[in-house]
Every structure is written in structure tokens, then in C-alpha cells.
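**Student:** Here it is, the structure, as C-alpha cells.
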Amino acid sequence: MKQIFTLMITVGLAALLMSPPASAKSNYEETTVADGGALAGVVSFKGKVPQPIMEDLNKGKNSEFCITHPDTVDGHIRPRIKMHAKDGKLQDAVVFIENIEQGKSWGDQSTQFDFKTCDIFPKITVVRTPEKGEKDGVVQIINRDPDILHNPHGYSVSGANRKTLFNKPLPSQGDVADVTKNLKRLKPGKDDHFFLQCDQHNFMEADARVVWNPYYALTGPDGAFKITDIPPGKYKVTAWHPYGGETTKEVTITARGEAKQDFEIVSK
């Protein structure tokens with residue numbers, strides 16, 4: 001009897017240790033926001049901006065079509081720019097609130113990636129996991145190129161590790177891959193960087209931050225952002241760029257007020 005009791009305790013402790021921490025669960029709840037506030041600011045970048053990757057489009061598949069990309073220069077070379085930072089102001093940084101459990105609805109916020117002229121648009125954005133009952137429409141990928149086979153391959157990236165989320169061929173112009181169901185594999189606390197690539201043309205790339213609530217914004221060319229309808233409270237807010245890094249600050253939002261908070265991402 002004593003051995004059975006000891007075994008039960010051991011199994012119970014093991015299950016507890018294997019369970020994900022509470023902070024790793026996505027429990028966001030949509031509700032009415034009364035007296036919501038706002039957060040505005042600018043994200044800057046300090047450090048050396050990565051040089052463009054000079055892609056030789058003469059190589060690889062469908063070169064005759066891929067060289068029609070509007071950014072192609074002499075010699076059929078396309079500069080692939082990974083970061084836009086003018087006068088230190090960082091474009092396409094994702095600013096998001098981390099520790100928020102309830103607030104405004106997602107609305108019709110969805111993400112669409114266009115595979116066009118052997119490129120992916122947008123280059124940097126956000127993706128979210130589908131809510132309960134959502135089976136399609138959250139993230140879609142569309143082939144815009146005539147007579148070109150594209151093969152979108154989606155990953156969750158953590159350091160040097162990649163986890164495949166989907167791999168779907170799009171053989172014809174107008175073909176759509178709805179990957180909503182595949183993104184249910186993303187887990188809070190484990191997955192935060194989504195990476196998309198074409199297996200037919202591996203220079204076609206895009207990045208996205210995985211978000212767990214609708215409180216986020218992407219910075220414009222001037223590095224500016226604004227997030228609205230935030231319930232009053234104290235929050236952790238992060239500014240992230242896939243090729244720059246991230247920084248987090250604590251921000252207090254007051255009822256109907258607008259907090260000002262700038263962020264500086266410093267290259268390592």
C-alpha cells in the first residue's frame with residue numbers, strides 16, 4: 001500500500017512538472033473596453049544596418065520570369081533588403097503588448113501573403129493562431145504569378161532551430177493555400193517567430209511575429225506606431241524586428257489617456 005501511495009505521488013509530481021506554466025497559456029478574452037487608452041511612440045535602431053543581400057536571379061528556376069522583379073538591377077541582380085532604418089528610425093518593427101488577458105476583439109484581422117514576381121509581400125507582418133471554431137481565413141497565401149510553381153513552406157523559428165508548420169504547393173496563378181488549421185500548432189511561450197519561404201525559389205522570404213492578442217502595431221517609415229482601445233493598467237510592451245532584435249518596457253495606460261513611449265533596439 002505504501003509503495004502504491006509513493007508511486008501515485010511520484011506520477012502526480014511528474015505530471016505537474018511536465019505541464020506548461022500558466023504564463024505559457026493563451027487565455028485572451030474579447031470584451032467591451034470602456035475608457036480605453038492608447039500607446040504611441042517611435043522605434044529607433046542603434047547599430048549597423050544589415051547590408052542588402054545581392055541575389056543573382058540568373059541562377060535557379062524560372063530565371064527569365066524572376067528577373068522581371070521591379071527591383072532588379074544590372075546583371076539581373078536583386079538587392080534583398082532585410083531592414084529599413086532611415087535616420088535611425090526603424091520601419092516594420094512589431095510593437096505588441098504581452099501581458100494582457102482581455103480587451104478589444106480581433107475583428108477581421110487576418111494575414112495574407114502574396115507570392116508575386118518571385119517575391120513575398122508583405123516582408124514583415126504578424127500572424128495569429130486561430131480561435132476556437134476558426135477553420136479558415138486567418139492566414140492565406142496566394143500565388144499571383146502566371147505559369148510559375150511556388151511552394152510556400154512555413155516554419156516556427158527559435159534560434160537556429162526550425163519547426164515545419166506546413167508545406168503546400170501552389171502550381172497555378174490564383175491558387176490559394178489557407179494555412180489557418182496548420183497554425184494551431186503554435187504554442188504560447190514556445191513559438192514567437194514565423195518564417196515563410198518558397199521551396200522552389202529559396203530567396204523568397206518573409207517574417208512575422210506570432211501575436212496572442214490584437215494589441216499590436218507595425219511601425220511606419222518614420223518608426224512611429226500607435227495602439228488604441230487598451231484597458232487601463234500596467235503592461236509589458238515589446239518592440240521586435242526579426243533582423244534587429246527586441247526590447248521590452250513597462251508602460252502604464254490610463255483611462256482615455258495616451259501614453260508616450262519610445263523604444264530603441266540595439267544591435268548585438
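The values are calculated or read from the model by the stated rules, or taken from the named source; none is laboratory data. Since the structure is predicted, the reported quantities are computational estimates derived from the model, not experimental observations. Please note: Cβ atoms are built from the backbone with ideal geometry, for glycine as well, and neighbour counts cover all protein chains shown.
**Student:** Just need a number here: residues in the range 104-163 that are touching a residue at least 60 places away in the same chain (Cβ under 8 Å) and among the hydroxyl-bearing types (Ser, Thr, Tyr).
**Tutor:** Qualifying residue count, the range 104-163: 4.
**Student:** Ok, one more. Restricting attention to the range 72-89, and to residues there that are without any contact (Cβ under 8 Å) to a residue 12 or more places away in the chain and part of a loop (DSSP other than H, G, I, E, B), which single residue is nearest to residue 128 (Cα to Cα)?
**Tutor:** Looking only at the range 72-89, we keep the residues that are without any contact (Cβ under 8 Å) to a residue 12 or more places away in the chain, and these are 73-74, 87.
Remaining after also requiring part of a loop (DSSP other than H, G, I, E, B): 74, 87.
Working: 74: 39, 87: 31 Å.
So the residue we want is 87.
**Student:** A further question on this structure: Within the range 121-137, is there a residue that is farther than 27 Å from residue 229 by Cα and not charged (D, E, K, R)?
**Tutor:** Within the range 121-137, one or more residues are farther than 27 Å from residue 229 by Cα and not charged (D, E, K, R).
**Student:** So which residues in the range 113-158 are among the basic types (Lys, Arg) and outside any loop (DSSP other than H, G, I, E, B)?
**Tutor:** Restricting attention to the range 113-158, the residues satisfying the condition of being among the basic types (Lys, Arg) are 116, 123, 128, 132, 135, 144.
Hits for the range 113-158 are 116, 128.
**Student:** Okay, next question. Do you know which of the residues in the range 90-112 that are closer than 20 Å to residue 220 by Cβ and assigned to a strand (DSSP E or B) is farthest from the chain's Cα centre (by Cα)? Talk me through it step by step, then tell me what you get.
**Tutor:** Going through the range 90-112, the residues closer than 20 Å to residue 220 by Cβ turn out to be 90-97, 109, 111-112.
Then keep just the ones that are assigned to a strand (DSSP E or B); that gives 90, 94-97, 111-112.
Numbers: 90: 16, 94: 8, 95: 11, 96: 11, 97: 14, 111: 10, 112: 12 Å.
Applying the filter and picking the extreme gives 90.
**Student:** Same structure, new question: Determine whether the range 8-20 contains at least one residue that is surrounded by 11 or more Cβ atoms within 10 Å (Cβ to Cβ) and either small (Gly, Ala, Ser) or at pLDDT below 95 (or both).
**Tutor:** Residues of the range 8-20 that are surrounded by 11 or more Cβ atoms within 10 Å (Cβ to Cβ), as a first pass: 20.
Okay, now just the ones that are also either small (Gly, Ala, Ser) or at pLDDT below 95 (or both), so 20.
Yes; the residues of the range 8-20 include at least one that is surrounded by 11 or more Cβ atoms within 10 Å (Cβ to Cβ) and either small (Gly, Ala, Ser) or at pLDDT below 95 (or both).
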